[in-house]
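Below: one structure, written as structure tokens.
Throughout, read-outs are computed from the coordinates displayed, never taken from laboratory work. All figures in this text were calculated on a predicted structure; none of them were measured in a lab. For neighbour counting, all protein chains shown are included, and Cβ atoms are generated from backbone atoms with ideal geometry for every residue, glycine included.
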Amino acid sequence: MKLDVYSSKGSKTKKSVDLDDAVFGIEPNDHAIYLDVKRFLAAQRQGTHDTLNRSLVSGSTRKIKKQKGTGTARAGSIKNPLFRGGGTVFGPEPRDYTQKLNGKLKKLARKSALSYKAKGEGITVVDSISMDAPKTKDFLAVLEGLKLADKKTLTVLPSANDAIYRSCRNLPKHRVMVASDLSTYDIMNCSNLVFVDNAHEVIEGMLKA
């Protein structure tokens with residue numbers, strides 16, 4: 001797939017890039033995308049939720065009333081889950097929500113997500129974005145030139161650039177990340193991908209390996 005390359009001012013340059021069909025032109029696998037997105041979201045959970053069971057609740061362990069003759073149900077502890085302030089039964093406990101997915105399936109999911117974006121004309125290639133210092137207004141001007149200021153975009157850089165990253169932090173609809181960190185969820189969670197310089201080549205190198 002061939003795409004035109006734009007300048008940071010939004011004008012079309014004379015250059016173009018060829019996106020590898022092995023990465024950007026496959027038949028998307030929806031189930032692979034689902035599994036990888038589910039794995040990503042599960043990994044975001046801290047899993048530190050906890051409750052007090054009857055062995056952890058503060059309180060006396062003496063038998064609170066005699067076994068028989070009260071006319072009510074027998075009870076052996078004030079920590080009984082049936083009583084107010086008692087322990088919690090089968091409550092959540094700290095756990096790891098990590099889900100395992102093999103590498104080939106994760107690559108298939110990312111290639112499927114990228115192919116959806118390519119087919120939906122959701123990929124823009126920019127020759128370069130240069131910033132000497134963080135400036136949100138300047139970064140927004142680039143997006144306005146590309147006519148993406150009002151869309152949910154993800155700008156993908158070939159390598160880390162602190163000035164660009166910090167320029168984007170106050171823009172709720174826009175994110176910046178390095179190509180090597182790109183996940184299926186990140187791709188699907190935006191309407192447009194903006195590849196800067198040779199970011200697409202970094203992605204192709206990862207997914208074709």
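For the range 35-149, the dipole from Cβ point charges (+1 on Lys and Arg, -1 on Asp and Glu) about the Cα centre works out to 1280 debye, to the nearest 20.
Tell me, what is the FRET efficiency for ASP162 and THR48 to the nearest 0.05, using R0 = 45 angstrom and their Cβ-Cβ distance as r? So the FRET efficiency works out to roughly 0.90. From the Kirkwood radius over Cα pairs of the range 71-121, Stokes-Einstein at 4 °C and 1.567 mPa s returns a whole-number translational diffusion coefficient of 79 µm²/s. With respect to the chain, whose longest principal axis is taken over its alpha-carbon atoms, helix 30-43 is tilted by about 60°. Relative to the Cα centre, the charge distribution of the range 1-56, modelled as +1 at Lys and Arg Cβ and -1 at Asp and Glu Cβ, gives a dipole magnitude of about 360 debye.
Just so you know, the Rg over Rh for the range 150-192 is 0.94, from Cα atoms, with Rh as the Kirkwood radius. In the chain, the DSSP-assigned H stretches of four residues or longer account for a calculated mean residue ellipticity at 222 nm of -9000 deg cm²/dmol, using -39500 (n - 2.57) per stretch and the full residue count as denominator.
When you work out D = kT/(6 pi eta Rh) for the range 101-141 at 25 °C and 0.890 mPa s, using the Kirkwood radius from C-alpha pairs as Rh and the Stokes-Einstein form, the result is 186 µm²/s.
Annotation: aspartates and glutamates with alpha-carbon distance below 12 angstrom to LYS111 (same-chain offsets under eight excluded): ASP20, ASP21, GLU27, ASP30, ASP36, GLU204. Label point of THR88 set 7 angstrom out along Cα-Cβ; within the range 49-67, amide nitrogens under 16 Å from it belong to 49-58. Loop exposure criterion: chymotrypsin sites (Phe, Trp or Tyr not before Pro), DSSP state outside H, G, I, E and B, at most 16 other Cβ atoms within 10 Å. Applied to the chain, the longest stretch between such sites is 98-209. For the pair SER55 and LYS104 in one chain, pulling the backbone fully straight at 0.36 nm per residue adds 13.1 nm over the alpha carbon distance. I'd like the distance between the alpha-carbon centres of the range 114-157 and the range 2-18, rounded to an integer number of Å. The range 114-157 and the range 2-18 have Cα centres spaced 12 Å from each other. In the chain, a dipole from Cβ-located charges (positive for Lys and Arg, negative for Asp and Glu) runs towards its positive end, and of ILE64, PRO158, GLY47 it is ILE64 whose Cα lies farthest in that direction. All other residues whose Cβ lies under 14 angstrom from that of LEU148 are scored, Lys and Arg at +1 and Asp and Glu at -1, for a net of +4.
Scanning residues 5 or more positions from THR155 or on other chains, those with amide H under 5 Å from its amide H are ARG175, VAL176, MET177, VAL194, with H placed 1.01 Å from N in the peptide plane. Of all DSSP bridge pairs formed entirely within the chain, close to 20 percent run antiparallel. Over the range 49-96, the ratio between the Cα radius of gyration and 2.2 N^0.38 Å evaluates to 1.37. For the chain, the dipole from Cβ point charges (+1 on Lys and Arg, -1 on Asp and Glu) about the Cα centre works out to 1980 debye, to the nearest 20. Scaled to the globular estimate 2.2 N^0.38 Å, the Cα spread of the range 1-78, given as radius of gyration, is 2.80.
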